[in-house]
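Everything below concerns the one structure shown next.
The values are calculated or read from the model by the stated rules, or taken from the named source; none is laboratory data. Keep in mind that what you see is a predicted model, and the values were worked out from it rather than measured. Note: ideal-geometry Cβ built from the backbone for every residue, glycine included; neighbour counts use all protein chains shown. In case anyone asks, the SASA skips ligands and DNA or RNA and just uses the protein heavy atoms, side chains included. Shrake-Rupley method; radii C 1.70, N 1.55, O 1.52, S 1.80 Å.
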Amino acid sequence: MINHPPRVIAVEEHVATEQFLDTAHGLDVFEGDRTEVGLMRMVEGPLRSALTDLDARIAAMDAAGQEMAVLSINPPGVQPYPAADAVRSPVR
């Protein structure tokens with residue numbers, strides 16, 4: 001039996017890049033998704049640096065003793081965009 005402290009792994013952590021957000025804000029969305037996308041863009045303002053500053057995220061993880069995080073692109077992700085735009089959207 002291995003005796004070690006439990007690992008801390010955060011799941012469903014959101015992340016974005018400035019390039020992705022700038023591109024996504026220029027895309028039109030499907031009619032049924034406009035309300036959600038509008039709300040997410042409104043909330044994103046004060047949270048933008050928390051989404052895009054990976055150095056600060058890693059420092060916070062280290063301070064909390066968190067070893068790993070499962071990251072997903074910030075909602076609404078690429079789902080509300082036409083397929084050609086979603087595939088072309090820069091996520092890196």
Checking Gly38 against (1) in contact (Cβ under 8 Å) with a residue 40 or more places away in the chain; (2) open to solvent by less than 70 Å² (accessible area, probe 1.4 Å), which test does it fail? (1)
What's the number of the condition Ala64 fails, among (1) under 12 Å from the mean Cα position of the chain (by Cα); (2) open to solvent by less than 100 Å² (accessible area, probe 1.4 Å)? (1)
Return the total of residues in region 62-92 being in a helix (DSSP H, G or I) and modelled with pLDDT under 85. 6
Number of positions in region 23-34 that are modelled with pLDDT of 80 or more, among the acidic types (Asp, Glu) and open to solvent by 60 Å² or more (accessible area, probe 1.4 Å): 1
Taking into account only those residues within region 44-61 that are surrounded by fewer than 13 Cβ atoms within 10 Å (Cβ to Cβ) and at pLDDT below 85, which is farthest from Glu31 (Cα to Cα)? Pro46
Consider region 6-21. How many of its residues are farther than 16 Å from Ala69 by Cβ and open to solvent by 100 Å² or more (accessible area, probe 1.4 Å)? 1
In region 25-54, anything within 9 Å of Pro80 (Cβ to Cβ) and either among the β-branched types (Val, Ile, Thr) or in a helix (DSSP H, G or I) (or both) is listed as Val29, Gly32, Asp33, Arg34, Glu36, Val37
